[in-house]
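Data first, discussion second: the structure below is written as structure tokens.
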Amino acid sequence: QVHVVESGGASVQAGGSLRLSCVASGYDSSKRCMAWFRQIPGKERERVATFLPGPGGAGTIYADSVQGRFTISRDTAKNTLYLQMNTLKPEDTAMYYCAADSLVCFSASWKSFKYWGQGTQVTVSS
């Protein structure tokens, strides 16, 4: 059984930083891709960043809206995925979800990922 749990969401002011964590138990994150998505009520869940599988420096993919501000990383030993969010903007306000294992790792579609966490809320005030 794979269980995904996110944490780290909070309310911050614009320009601030947060680090989200995602623990995926019963899952080999060293061989499978993981990703962060976010969703605003009434909107489609969108891909924020993907950490691709591979030894010694897996590739990463970022949404244009967070490129240069967010950094996705992984601690394989802990099966933990992180999302360091800097220079936060009000537009970043959303429920953030951790997703594990995709049939197509390069896909930006939430439908391609198999396992999901419950979400952690990030609110950025102007």
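The values are calculated or read from the model by the stated rules, or taken from the named source; none is laboratory data. Keep in mind it's a predicted model, so treat the numbers as computed, not measured. Here the Cβ is made from the backbone with ideal geometry for all residues, glycine too, and neighbour counts use every protein chain on show. The area values use the complete protein model at the heavy-atom level, side chains included, leaving out ligands, DNA and RNA. Shrake-Rupley method; radii C 1.70, N 1.55, O 1.52, S 1.80 Å.
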Compactness of the stretch 26-72, expressed as Rg and Dmax over alpha-carbon positions, Å:
12.2, 39
Under 14 Å, Cβ to Cβ, from LEU83 - net charge with Lys/Arg +1 and Asp/Glu -1
+1
Once normalised by the length of the chain, the mean sequence separation of its alpha carbon contacts under 8 Å that are 6 or more apart gives a contact order in percent of 36
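Please sort 17-28, 100-111 by packing, taking for each peptide the average over its residues of neighbouring beta carbons within 10 angstrom, highest first. The partial results should precede the final answer.
Values: 17-28: 17.4, 100-111: 15.6.
The most tightly packed comes first, giving 17-28, 100-111.
Carbon and sulfur: what percent of the chain's accessible surface (1.4 Å probe)?
51
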Might you tell me the accessible area per residue for the chain, computed with a 1.4 Å probe and given in Å²?
50
What's the center-to-center distance, using Cα atoms, between the stretch 76-101 and the stretch 1-21 in Å?
6
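Calculate the translational D of the stretch 1-55 in whole µm² s⁻¹ from Stokes-Einstein, where the hydrodynamic radius comes from the Kirkwood formula applied to all Cα pairs, the temperature is 25 °C and the viscosity 0.890 mPa s.
Calculated translational D: 184 µm²/s.
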In the chain, how many lysine pairs have Cα atoms under 23 Å apart, counting only pairs 8 or more places apart or on different chains?
7
So what's the projected area for the chain, the Cα convex hull averaged over all directions, in nm²?
7.0
How high is the relative contact order of the stretch 1-59, given as a whole-number percent (alpha carbon pairs under 8 Å, six or more residues apart)?
26
Filter the GluC sites (Glu not before Pro) in the stretch 1-95 down to the DSSP loop ones having no more than 15 other Cβ atoms within 10 Å, then list what survives.
GLU44
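Rounded to a whole number, what is D in µm²/s for the stretch 56-126 from Stokes-Einstein with the Kirkwood radius over alpha-carbon pairs (37 °C, 0.692 mPa s)?
My calculation gives 240 µm²/s for D.
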Cα centre as origin, Lys/Arg/Asp/Glu Cβ charges: the chain dipole, Debye:
120
